[in-house]
1. Go through 337-347, 217-227 and give me the packing order, highest mean Cβ count within 10 Å leading.
2. Using helices alone, what [θ] at 222 nm do you get for the chain, with -39,500 (n - 2.57) per DSSP H run of 4 or more residues, divided over all residues and rounded to the nearest 500?
3. Over the chain, give the accessible area per residue in Å² for a 1.4 Å probe, as an integer.
4. What order do you get for 254-261, 209-216, 134-141 when each peptide is scored by the mean count of other beta carbon atoms within 10 Å, highest first?
5. At a Cα cut-off below 23 Å, give the lysines reachable from Lys145, other chains included and same-chain residues fewer than 8 away excluded.
6. Order Met54, Met158, most accessible first, counting only protein heavy atoms with a 1.4 angstrom probe.
7. When a/c is below 1.5 the answer is rounded, else prolate if a/b is larger than b/c, else oblate, so apply that to region 106-249 with a ≥ b ≥ c taken from the square roots of the Cα gyration tensor eigenvalues.
8. Which of Asn63, Ile51, Ser260 sits closest to the plus end of the dipole of the chain, meaning its Cα is farthest towards the positive end, when Lys and Arg get +1 and Asp and Glu get -1 on the C-beta?
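The values are calculated or read from the model by the stated rules, or taken from the named source; none is laboratory data. Keep in mind that this is a model prediction, so the values were computed, not measured. Note that we place each Cβ from the backbone using ideal geometry, even for glycine, and neighbour counts take in every protein chain shown. Remember, those area values only see protein heavy atoms, side chains included, never the ligands or the DNA or RNA. Shrake-Rupley method; radii C 1.70, N 1.55, O 1.52, S 1.80 Å.
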Amino acid sequence: MKTIKHLLYLATVILIMFSCGNKQEVAEQESDLIEITNQQFETDSMQFGEIETMLFENIVKCNGTIVPLPNGIAKLNAPISGIIKSINCSNGESVDKNQHLIEITGNEIIEIQKEFAEASANYKRIKSEYERVKSLYNEKVTAEKDFIVAETEFKASMAQYSGLKLKIESLGLSTSKIENGEFYSSYQLKSPIKGNISNFNASIGSYIDSQVELLEIINPDMLQVKLSVFANEIADLKKGQTVRFKSNNTVNYQLATINSIGVSIDNETKSIECYAAITDKIAINPIAYEFVESEIITSIDTVKALPSDAIIKTESGNAVLVLDKQENNNYYFRKVDIESGRKNNNFSEILNEQLKGKILIKGTYNINI
C-alpha cells in the first residue's frame, strides 16, 4: 500500500515538473516576440508594409562643371591697337551677334588705312605695267628676263594689297572708300556671337593692343556639363546615358545626356573628362563655370526593397520586425535579421530571398532590439 502511495506521489511530482517545464518553454517562446501596444502604435504613427519589387538605379557619382560649348563662347580682342573712344555694353548685358560693343580710335587706325591706300595705288600701277609686259612677251617683242621681273613685282604688290585689304575688312571698314581717300577715324568691335558679356576689362581712354582680352561672351543656350570620372568607373559609361546634376544653391535636379567620353587621364585630378548635353531647359539656366553635383545612371535593375525606415540597426547587423500576431489590442513582432544592399530614394535593397508577411515600415525609431 505504501509502495502504491509512493508511486502515485512520484508520478504527481513528475507531472507537475513537466507542466512547469512546458509553461517555462512557452514563456521563453513568447519572450522572443516584441510587444507593442496599440497606443504606442498610434502615438509613433507606425505603419505596416510588405516587401516590394522596385527599379533600382546603378549610378556613378562624380564632380561636374557647367562649361560652354566651343561655339558658345567668344573672347574679344582688338585686331588693331588703339585707344577706347566709347563703350556701348556692360558686364552681364545680353548682346546680339554683330552688335557694336566698343569704338576704338588712334594713330594705328589712320596709319593702316594710309598703307592700304598706297598699296592699292601701287598695285594698280604695277598690274597695268605687268599686263603690258606680258602682252609684249607673248608677241615675242620683249625678253623673258623683263617679263619675269614684271611678274615678280606684280605678285609682291598683289600680296601686300590683299593682306592689307583683309585687315581693313576685318575692322568692318569699306575698302572702296579708303581707296578713294575717305579715311575713318575709328572702328567698331562687334560681338561675334549672341550671348551675355562677362569679364569686361576696359575703360574709355585706355590704350589697348591685340594681346589684351577685353571681354568674354557666353551664350547661355549653349552650355554643357563637364564631368570628371575616375578611371576605374569609366568602363560603365556609354554615350546616351542620363546624367542628373544640380548646384549647391538648387534643390531640383536637371537632366543631361552623355555625348562624349574622354580617353586620357588628367594628371592633376586623376580623372577622365566626359561631356553631357543639357536636355531639359528650365526658366533659369545654369551658370557658366559653376560647380555641380552629378550622378550618371549606368543601368537599372529590378530588386526587392523596403523603405529604409523599416530597417533597424542591431549589434549583429540589420533587422526588420515582422508581425507574428495581434492579441488584446497588442501587436507581437518577430525580429528577422536581414542583409541590405543598395539604397535609392529612401528605399533599401533586401537581399533575403524569403521575407514575407506584414512588416513594420514606419515608426521604428523608438524600438530597441
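1. On the way: 337-347: 14.1, 217-227: 20.8.
Ranking the peptides 337-347, 217-227 by packing returns 217-227, 337-347.
2. Details: 5 runs with 100 residues, N = 369.
For the chain, the value works out to -9500 deg cm²/dmol.
3. Working: 22710 Å² over 369 residues.
Per residue, the chain has an accessible area of 62 Å².
4. Working: 254-261: 17.2, 209-216: 15.0, 134-141: 11.8.
Peptide ranking by packing, descending: 254-261, 209-216, 134-141.
5. Once the sequence-local lysines are set aside, what remains near Lys145 is Lys124, Lys127, Lys134, Lys155.
6. Working: Met54 45, Met158 75 Å².
Per-residue accessible area, sorted high to low, gives Met158, Met54.
7. Working: a/c = 4.45, a/b = 2.01, b/c = 2.21.
Cα axes put region 106-249 in the oblate bin.
8. Value computed over the given set: Ser260.
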